[in-house]
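Student: Okay, handing you the structure first.
The values are calculated or read from the model by the stated rules, or taken from the named source; none is laboratory data. Nothing here was measured: the structure is a model prediction, and the numbers come from that model. Heads up, the Cβs are rebuilt from the backbone with ideal geometry, glycines too, and the neighbour counts pull from every protein chain shown. Quick note on the areas: whole protein, heavy atoms, side chains included, nothing else; ligands and nucleic acids left out. Shrake-Rupley method; radii C 1.70, N 1.55, O 1.52, S 1.80 Å.
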Amino acid sequence: MVTLGLAAFTAAHARFAQHAWTTASMHAPLAEVVWWAICVDEELEREPDYRARRNGDPDGKLLVGLRYVRSALGHHMFFNVMVDRGSMLPATLPMRLGPPEARWMRSDMLPVAGVQQNIRGDYDAELAGREISETLTRIASWFA
């Protein structure tokens, strides 16, 4: 199952990377890549010392925060992503130049999902404010 999950994660990650940077087109591929990442992580947790190795690695530890994302997208049906489209007219300050970036929102900007309060802090510590593509690439590196 780990081999299947890793192949599915890799394919979903590639699909996510190719999508147009709009919230509507991002939801399905993001939900899929997150779901597969957590499936692989949960399967690997059966291995001795996996959790300690994962939690001791900056890339591996991203998976701990990603569990909140999986629950948000799959169980609680809220989207915890903001897209910064860069410079727009009329210009506002501060201004960011470059292509759009999708980032994980802070949990205080999200609906409260009662059953997930125990992992909300992990999400904020590991993912909130970070660029999504970068975190998914780091998770892929951890799996590799």
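Student: Condition check: modelled with pLDDT under 90, within 29 Å of Met1 (Cα to Cα) and surrounded by fewer than 18 Cβ atoms within 10 Å (Cβ to Cβ). Does Ala140 satisfy that?
Tutor: Values: modelled with pLDDT under 90: no; within 29 Å of Met1 (Cα to Cα): yes; surrounded by fewer than 18 Cβ atoms within 10 Å (Cβ to Cβ): yes.
No; evaluated as a whole, the condition is false for this residue.
Student: Looking only at residues in segment 97-112 that are part of a loop (DSSP other than H, G, I, E, B) and open to solvent by 100 Å² or more (accessible area, probe 1.4 Å), which one is modelled with the lowest pLDDT?
Tutor: The initial filter retains those residues of segment 97-112 that are part of a loop (DSSP other than H, G, I, E, B), namely 97-100, 105-106, 110-112.
If we keep only those that are open to solvent by 100 Å² or more (accessible area, probe 1.4 Å) as well, we get 97, 106, 112.
Working: Leu97: 48, Arg106: 84, Val112: 67.
Once the filter is applied, the top-ranked residue is Leu97.
Student: Check segment 38-46 and report whether any residue there is within 25 Å of Gly121 (Cα to Cα), of a type outside the set (Lys, Arg), at pLDDT 95 or above and exposed (fewer than 13 other Cβ atoms within 10 Å of the Cβ).
Tutor: yes
Student: Additional query: Please determine, by comparing only the residues of segment 43-63 that are touching a helix residue (DSSP H, G or I) at 6+ places or on another chain (Cβ under 7 Å) and not acidic (Asp, Glu), which one is nearest to Thr3 (Cα to Cα). Write out each step before concluding.
Tutor: Taking segment 43-63 first, the residues touching a helix residue (DSSP H, G or I) at 6+ places or on another chain (Cβ under 7 Å) are 43-45, 50, 54-55, 57, 59-63.
Checking which are not acidic (Asp, Glu) leaves us with 44, 50, 54-55, 60-63.
Numbers: Leu44: 11, Tyr50: 16, Arg54: 18, Asn55: 21, Gly60: 18, Lys61: 21, Leu62: 20, Leu63: 18 Å.
Across segment 43-63, the extreme among qualifying residues is Leu44.
Listed here are the residues, each with its yes/no results for (1) at pLDDT 95 or above; (2) in a loop (DSSP other than H, G, I, E, B).
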{"position": "Ala52", "(1), (2)": "yes, no"}
{"position": "Asp57", "(1), (2)": "yes, yes"}
{"position": "Gly65", "(1), (2)": "no, no"}
{"position": "Val69", "(1), (2)": "no, no"}
{"position": "Leu73", "(1), (2)": "no, no"}
{"position": "Thr92", "(1), (2)": "no, yes"}
{"position": "Met95", "(1), (2)": "no, yes"}
